[in-house]
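Inspection log for the structure reproduced underneath, given as C-alpha cells.
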Amino acid sequence: MIFISKYLVPKGYTGMTIFPFVFLKSKPLKANRVLINHEKIHLRQQIELLIIPFYVCYIFEFLIRLIQYKKWHKAYKNISFEREAYFNENNLEYINNRPLWAFLKYLRTYDI
C-alpha cells in the first residue's frame, strides 16, 4: 500500500518502505515505476528477514558503513540492501526472478 507524506519521508529522500507500506514524498512519484520497483525490492527484503531482523541488520550495517566511509550518504548507498535495490531498480522483472537472500551478494562489492 502506497501513502503520500512529505513529512514521513526524510529530507533528501523520495521514498521509504516500512513493511507493509511504501511512503512517497509526493503524489507524482506513484507513476515512477523505477522508484516503486526499488521500494518493492525493500519489501521483499523485509519479508525475507521477517521484518524486525531486517531493520536490526539495516541499522547495524549502516553504522558499520558510516564508520567505514565517514559520510552519511555514502554509508547509506553502500548498505547491501540499498546496493541490491539501486543495482536492480531499472529491471522491472527483477522482483519476479529475484533469488532468495539476494542482498547477501551485495555485502562485499564495489562502492557506490
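The table for this structure:
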{"read-out": "DSSP loop trypsin sites (Lys or Arg not before Pro) with at most 13 other Cβ within 10 Å excluded, longest remaining stretch of the chain", "value": "12-69"}
{"read-out": "Percentage relative contact order, the chain, counting C-alpha pairs under 8 Å, at least six apart", "value": "21 percent"}
{"read-out": "Note, ³J(HN,Hα) from phi for the stretch 17-22, Karplus 6.51, -1.76, 1.60, rounded to Hz, x at Gly and Pro", "value": "10, 10, 3, x, 10, 10"}
{"read-out": "Likely footprinting exposure, 89, 48, fewest C-beta neighbours within 10 Å first", "value": "48, 89"}
{"read-out": "Ascending count of other beta-carbon atoms within 10 Å, so fewest first, for 19, 103", "value": "19, 103"}
{"read-out": "Label selected from [x] 1.26; [y] 0.94; [z] 1.01, the criterion being Rg/Rh (Cα atoms, Kirkwood Rh) as computed here", "value": "[y]"}
{"read-out": "Ranking of 5, 80 by count of other Cβ atoms within 10 Å, fewest first", "value": "5, 80"}
{"read-out": "Nonlocal amide H pairs with residue 4, under 5 Å, H built at 1.01 Å", "value": "24"}
{"read-out": "Cross-link table 25/105; 27/71; 11/71; 30/71, entries beyond 28 Å C-alpha to C-alpha", "value": "25/105; 27/71; 30/71"}
{"read-out": "Charge dipole (debye, nearest 20) of the chain; +1 at Cβ of Lys and Arg, -1 at Cβ of Asp and Glu", "value": "400 debye"}
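Where a number appears in this text, it was derived from the coordinates with a stated rule and is not lab data. Keep in mind the model is a prediction, meaning the values are calculated, not measured. Cβ coordinates were reconstructed from backbone atoms using ideal geometry, including for glycine residues, and neighbour counts include every protein chain displayed.
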